[in-house]
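Here the structure comes first, spelled out in structure tokens, and everything after it is commentary.
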Amino acid sequence: MGLFKKRDQESVSEVGAPEIGWFDKGVAARNERKYEEALDCFAKALEEDSRNANAWYRYAEALALCQRYEESIDSCDRALEIDPSPAATWFLKGFAHQMLGQFAGALQSCDKGLEITPENQVAWCTRGEYLYALGMLEEAMESFSTALKIAPDSDYAGRVKEKIRKWLQREGRNDAWATKILAFLEGSEKHEEKEDYQEALEMNPRSEDRSFKKDFALAHLEKPEQLKAEYEKARAERQPLIRLELSEKEFQFGKESWVEVTLFNDGTGPARDISMDFPPEVKVKHLDVDPDMVTRSQTDNTVDLQLIAKLDPGDQKVRTISLMPVKAGDAPLEVQVSYTDQWGESHRKPNTIWVNVFKAGEQKPRVPGYTVLWRLSSGDTADIYAAKKGNDPATIIMKMPRISAEHTGVVAEFMSEVKLWSGLSHPNIVKVYQYGDDPFPFIAMEYMAGGPLKNRMGNLNIAESLQIGMYLADALYYAGRLMVTHRDINPNNVFFDKAGVAKLGNWRLKSVKPKASESASGSGSSLAYSSPEQVSFDFGGTDSRTDIYQLGVLLYEMFTGKLPFQGDQEALIEKVKAEPPRKPSDVSPEAGKHLDEVVLRCLAKKKEERYQDARALKADLEKVGEIYGAGHGS
């Protein structure tokens, strides 16, 4: 769009400070990338004056930006009937023809514009692309040659040369050949280079593996509706995905700490005008200014807008800030990241980072062969840290149960349980790298960057819940074949990796579980997920079907947002033993009868009436998943 976006605008008279008109409102909306709004404003401006050529041009431009290319051509014609002198209107018409795959019309319009502005280097290059699309290779190269000779030392000429070099390389010319051909195009008359140029013209001008910029490639489509569909697909697929990390995640309460903030773009499209808003749990006191920054923070908690002007896919930017925590403990630090995508749409998304704010005197534990980085969480039964092993840069999790080494019986039981877990190898089971009891019991395991399922409860749709269920059922079927059961499936023991894959962790750690009286109610308690045989000997002993019951409770909670049974410890036990659960569809209208059948079968009081293995459960989840659009498990 660079050929036609610059054009003189009608100015608003300041005499008497009149109200801004529709034309100027449209210009402002277009500059803010609000193209539909701009279109409406220019339409209203034309209702007031249908002979305003500039308004017709702006209206045509807005139509093109909204992918309504045929209407844009018509509006260009209306503008040119009134005033045929602006080259920008001709170039805009050529662009609209190009996007419809009408390269003959695009070339004709471009030539009209060049009659008015023959020194337009960009237009000559664009004309070359039109000629190339028409299979007129020699004429295309001549047009590129003209572009190079207009301003040979300009930045744009350098970009033209690079474009031609890549073009020639895609057509089979190596760098040496491309250099010779470029020398000829720039005006050389050497015989050898002229022969190279003539040989280059014999290349197939319609080579299937050539590639120009995306909008030019899309313009080869014959049907406008297909072009629009491809554009919408590109818009959905080429989106930035901004991730934020802190170089430190453990801070001393009330003390300023300098920390590096790294922003990553893990997406497929660029992000612009990126800013960060920090929560009140920390104070941002200073900002490390560098040349990429437009403005500097003037407030305690907001790193000002346009902190980072642009972040391309795969790139990262580092900023240094000084944080002072004003609240102690382990907590999620939710940083709001705002940015604009390449299509002009604004986004504001949270990035959650778990930090530990400790009081003076607290120390990190030391384990031979490992470096403990920061505390992730602390509870009644264990402390969890991020760590690294030796010189390996990968982050792992170090879990340290609160078992005294003097309690040899409990330590031995813990080591026996972890040994079973470490023998499991499955894509939906958290991997154990190492475990030991020197200098105290610990487990080194896979780092689950997505956090626990507990943090996602209440924000899952049916398809996502089904997918998680399929992942876990697959893990349980694998473990069941090895005669290993979990017996404590709940949202605190299901985790997600960076790719969003659910994995089951904390296998068989009954030696470090709190007593039932310590956790008898609430969505996070183990008792709320217990099976009848776990609360009463009347139902027999535990086995793999116990895990199926607990997964059924988890599915019920994900589908409905509620647990099947709630209450204090005594009431909860009685309900688990004797009370039938309500149908999920009675609790949440989104859950249909197909979900009812699967979940209620999992929650049968008698083990013989449940799924007899997790493979059958997964098969039924997959059938229901086809209805709700969920994928298949591992």
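The values are calculated or read from the model by the stated rules, or taken from the named source; none is laboratory data. Keep in mind that what you see is a predicted model, and the values were worked out from it rather than measured. Neighbour counts run over all protein chains shown; Cβ positions are idealised from the backbone, glycine included. For the accessible areas, the whole protein counts, side chains as well, though only heavy atoms, and no ligand, DNA or RNA atoms are used. Shrake-Rupley method; radii C 1.70, N 1.55, O 1.52, S 1.80 Å.
If you go through region 456-500, how many residues are of a type outside the set (A, V, I, L, M) and more than 22 Å from the chain's Cα centre (by Cα)? Residues in region 456-500 being of a type outside the set (A, V, I, L, M) and more than 22 Å from the chain's Cα centre (by Cα): 14 in total.
Determine, yes or no, whether residue 114 is aliphatic (A, V, I, L, M) and in contact (Cβ under 8 Å) with a residue 60 or more places away in the chain. Spelling it out, it is not the case that residue 114 is aliphatic (A, V, I, L, M) and in contact (Cβ under 8 Å) with a residue 60 or more places away in the chain.
Taking helices (runs of 4 or more DSSP H) as the structural unit, those lying wholly within region 17-126 and holding at least 1 residues that are more than 30 Å from residue 339 (Cα to Cα) correspond to 35-48, 53-65, 69-82, 87-99, 103-116. Sub-7 Å Cβ pairs linking a first residue in region 311-325 that is outside any strand (DSSP E or B) to a second residue that is among the hydroxyl-bearing types (Ser, Thr, Tyr), at least 6 apart or interchain, are 313/268, ordered by first then second residue. If you go through region 113-145 and keep only what is of a type in the set (A, V, I, L, M, F, W, C) and within 22 Å of residue 84 (Cα to Cα), you end up with 114, 116, 122, 123, 124. Among the residues of region 353-363, not a single one is in contact with a helix residue (DSSP H, G or I) (Cβ under 9 Å, 6 or more places away or on another chain) and at pLDDT 75 or above. Of all residues in region 381-395, those that are more than 15 Å from residue 435 (Cα to Cα) and of a type in the set (Val, Ile, Thr) have Cβ atoms under 7 Å from Cβ atoms of residues that are in a strand (DSSP E or B) and open to solvent by less than 20 Å² (accessible area, probe 1.4 Å), 6 or more apart or on another chain, in 381/401; 395/386.
Just so you know, in region 541-566 the residues that are open to solvent by 30 Å² or more (accessible area, probe 1.4 Å) and in contact (Cβ under 8 Å) with a residue 24 or more places away in the chain include one that is nearest to residue 460 (Cα to Cα), and it is 561.
Filter region 425-443 down to residues that are hydrophobic (A, V, I, L, M, F, W, C) and surrounded by fewer than 23 Cβ atoms within 10 Å (Cβ to Cβ) and give me whichever is modelled with the lowest pLDDT.
Only one residue tops the list, namely 440.
Looking only at region 366-412, filter to residues that are part of a loop (DSSP other than H, G, I, E, B) and either open to solvent by less than 30 Å² (accessible area, probe 1.4 Å) or under 17 Å from residue 495 (Cβ atoms) (or both); which one of those is modelled with the lowest pLDDT? So that I can check it myself, show each step before the final result.
Of the residues in region 366-412, the ones part of a loop (DSSP other than H, G, I, E, B) are 366-369, 379-381, 390-395, 402-407.
Those left that are additionally either open to solvent by less than 30 Å² (accessible area, probe 1.4 Å) or under 17 Å from residue 495 (Cβ atoms) (or both): 367, 379, 381, 394-395, 403.
On the way: 367: 84, 379: 65, 381: 71, 394: 87, 395: 89, 403: 69.
Looking at residues that are part of a loop (DSSP other than H, G, I, E, B) and either open to solvent by less than 30 Å² (accessible area, probe 1.4 Å) or under 17 Å from residue 495 (Cβ atoms) (or both), I get 379.
Summed over region 80-109, residues that are among the hydroxyl-bearing types (Ser, Thr, Tyr) and buried (at least 23 other Cβ atoms within 10 Å of the Cβ) total 2. State yes or no: is residue 419 open to solvent by 40 Å² or more (accessible area, probe 1.4 Å), modelled with pLDDT of 90 or more and more than 30 Å from residue 587 (Cβ to Cβ)? In short, no. Candidates 593, 577: the one that is touching a Ser or Thr at 6+ places or on another chain (Cβ under 8 Å), free of Cβ contacts under 8 Å to residues at least 12 places away in the same chain and at negative phi is 593. Within region 80-99, the residues that satisfy the criterion of being charged (D, E, K, R) and farther than 11 Å from residue 112 by Cβ are 81, 83. Checking each residue in region 530-583 for being under 20 Å from residue 620 (Cα atoms), in contact with a helix residue (DSSP H, G or I) (Cβ under 6 Å, 6 or more places away or on another chain) and among the hydrophobic types (A, V, I, L, M, F, W, C) picks out 548, 551, 553, 555, 558, 559.
Each residue in region 24-56 was checked for being of a type in the set (S, T, N, Q) and open to solvent by less than 30 Å² (accessible area, probe 1.4 Å), and 2 of them qualify.
Confirm whether residue 595 is at pLDDT 90 or above, among the aliphatic types (A, V, I, L, M), surrounded by 19 or more Cβ atoms within 10 Å (Cβ to Cβ) and under 37 Å from the mean Cα position of the chain (by Cα). Step through it out loud before you land on a result.
On the way: at pLDDT 90 or above: no; among the aliphatic types (A, V, I, L, M): yes; surrounded by 19 or more Cβ atoms within 10 Å (Cβ to Cβ): yes; under 37 Å from the mean Cα position of the chain (by Cα): yes.
No.
Could you look through region 600-631, keep only residues that are of a type outside the set (D, E, K, R) and assigned to a loop (DSSP other than H, G, I, E, B), and pick out the one that is most open to solvent (accessible area, probe 1.4 Å)? Applying the filter and picking the extreme gives 612.
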